[in-house]
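Presented below is the structure to which this report refers.
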Protein chains: 2
Amino acid sequence: MPPSTPAASTASGAAPLSVQPDRAGDAEGRFQATPLAREVAFLTARARVRGNALANELLSDLDLKVRPFAVLAMACSGTNPSQRELGDFLDLDPSQVVTLVDRLEERGAIRREPDPRDRRSKILVATESGQQLHAQAAERTRKAEEQTLQALTSAERDQLRELLARVVY
Amino acid sequence: MPPSTPAASTASGAAPLSVQPDRAGDAEGRFQATPLAREVAFLTARARVRGNALANELLSDLDLKVRPFAVLAMACSGTNPSQRELGDFLDLDPSQVVTLVDRLEERGAIRREPDPRDRRSKILVATESGQQLHAQAAERTRKAEEQTLQALTSAERDQLRELLARVVY
DNA sequence: TATTGTTATACTCTATAACTATA
DNA sequence: TATAGTTATAGAGTATAACAATA
């Protein structure tokens with residue numbers, strides 16, 4: 001380990017960034033000029049943390065969180081996903097899917113139905129009450145997205161959606 | 001609970017989506033037409049999961065993951081963050097910061113230095129070896145981002161960065 | 001032999017409360 | 001009285017291995 005140096009210094013070699021002498025008001029502003037703050041990985045992580053927090057908050061009165069909501073939404077989509085397919089799409093482990101599906105099935109929101117083409121697999125479909133629950137929940141996630149993206153115009157939101165979709169699909 | 005219905009049906013009421021009779025090749029294609037698949041919350045979650053996985057993989061030979069990398073990057077930024085400020089910026093609990101900083105300090109990559117203006121707080125700065133480690137790690141995260149965004153042109157990447165930054169800052 | 005769903009289990013991540021030293 | 005960092009702990013989320021039924 002190197003010997004201890006003065007304090008609050010920028011240390012040896014080339015200075016990583018020109019920086020105000022030290023503290024200003026709050027730190028956010030200083031940090032936003034940092035290379036890390038412009039990495040897409042960092043920006044998406046931050047967007048996801050804050051978006052999730054807001055969505056979970058708005059969903060809380062329905063006793064739902066974003067993960068179970070996503071499962072319910074897929075069961076309501078008319079695409080008849082099997083548990084395996086759903087796990088692949090939502091980046092969920094098979095064992096996680098079991099737990100999520102169990103809870104939604106206990107609530108009477110979805111059902112496991114046999115797949116006529118493969119008796120090993122189970123197809124997820126929503127019940128009538130599950131579809132009503134989904135309608136309420138989708139309204140809340142729509143509001144969460146509206147609030148999360150309030151800094152963008154409608155055209156910019158579509159643009160963001162389009163760019164992200166091209167990245168992940 | 002409602003009575004059981006045929007199987008793989010779209011269920012009662014208005015059909016949520018027009019859908020191919022049933023199974024096609026793989027499920028991804030079917031699912032991408034779903035409303036959930038166009039929610040920004042879902043897209044960022046997916047981008048984050050896959051981006052993180054790739055970045056962690058590329059960082060593994062340096063014995064780093066994205067979280068500790070972010071802490072190291074901030075310590076190398078010249079902005080002299082305190083632990084509290086860093087936790088706020090990276091969406092980390094104060095106790096999580098302690099653990100992350102402990103490990104990086106044990107490796108000799110960063111140091112806690114006293115804040116001359118407030119003896120309660122500790123300022124994080126990188127050591128010389130920490131800066132070298134960061135340089136190697138940053139090269140790997142740059143490659144991860146390059147690979148993650150390969151579907152986009154350079155202009156589109158900047159556009160995505162800009163839109164995300166406006167959302168989260 | 002490989003795959004779907006399941007169970008049990010362990011591991012990581014995240015959050016909470018209580019403590020200390022400073023402010 | 002409030003805040004920064006710390007510790008211990010609990011809870012949620014995620015991952016792994018083994019198993020039964022089916023392909």
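Between B:THR99 and B:SER60, what is the FRET efficiency for a Förster distance of 22 Å, r being their Cβ-Cβ separation, to the nearest 0.05? Efficiency, from the Cβ-Cβ distance: 0.70. Accessible surface for the stretch B:40-168, divided over its residues, is 47 Å² per residue with a 1.4 Å probe. Rounded to the nearest whole Hz, the Karplus-based 3J(HN,Hα) values (6.51 cos²θ - 1.76 cosθ + 1.60, θ = phi - 60°) of the stretch B:99-104 follow the sequence 4, 4, 5, 3, 5, 5, with x at glycine and proline.
Chain B packed on chain A takes about 8100 Å² of accessible surface away from a 1.4 Å probe, both sides summed. Relative to the dominant Cα principal axis of chain A, helix A:128-148 is inclined by about 20°. Look at where the Cα atoms of the stretch A:77-111 and of the stretch B:62-107 average out, and the two centres are 36 Å apart. Sorted from closest to farthest, the other copies place their A:ARG120 label points 5.9 nm away, with each point set 7 Å from Cα along Cα→Cβ. Quick one: angle between helix B:40-59 and the longest Cα principal axis of chain B, in degrees between 0 and 90, rounded to 10, please. For B:40-59 against chain B, the angle is about 50 degrees.
For the pair B:ARG142 and B:ARG84, the difference between a 0.36 nm per residue extended length and the Cα-Cα distance amounts to 18.2 nm.
Computing FRET efficiency as 1/(1 + (r/R0)^6) for B:ALA53 and B:SER121, where r is the C-beta to C-beta distance and R0 is 35 Å, gives about 0.50. Relative to the longest principal axis of the Cα atoms of chain B, the long axis of helix B:66-75 lies at roughly 40 degrees. For Cα pairs less than 8 Å apart in space and 6+ apart in sequence, what is the mean separation divided by the residue count of chain A, i.e. the relative contact order in percent? Relative contact order for chain A comes out at 19 percent.
Counting only residues at least eight positions apart within a chain, or on another chain, the lysines with an alpha carbon under 23 Å from that of B:LYS143 are B:LYS65. Considering only protein heavy atoms and a 1.4 Å probe, what is the carbon-and-sulfur percentage of the accessible area of chain B? After summing per-atom areas, the C and S share lands at 51 percent.
Entry note, chain A: the mean residue ellipticity at 222 nm calculated from DSSP H runs of n ≥ 4, each adding -39500 (n - 2.57), is -17500 deg cm²/dmol after division by the residues and rounding to the nearest 500.
Label point of B:ASP91 (7 Å along Cα→beta-carbon): distances to the other copies' equivalent points are 1.1 nm, sorted ascending.
Which of B:LEU54, B:PRO94, B:LEU152 sits closest to the plus end of the dipole of the stretch B:40-168, meaning its Cα is farthest towards the positive end, when Lys and Arg get +1 and Asp and Glu get -1 on the C-beta? Among B:LEU54, B:PRO94, B:LEU152, the one farthest towards the positive end of the dipole of the stretch B:40-168 is B:PRO94. Net charge in the neighbourhood of A:ALA41 (other residues with Cβ under 9 Å of its Cβ; Lys, Arg +1, Asp, Glu -1) is -1. Inter-copy label distances at B:ASP158, shortest first and taken from points set 7 Å along Cα to Cβ: 2.4 nm.
The values are calculated or read from the model by the stated rules, or taken from the named source; none is laboratory data. Keep in mind that what you see is a predicted model, and the values were worked out from it rather than measured. No Cβ is skipped: glycine too gets one built from the backbone with ideal geometry, and neighbour counts run over all protein chains shown. The area values use the complete protein model at the heavy-atom level, side chains included, leaving out ligands, DNA and RNA. Shrake-Rupley method; radii C 1.70, N 1.55, O 1.52, S 1.80 Å.
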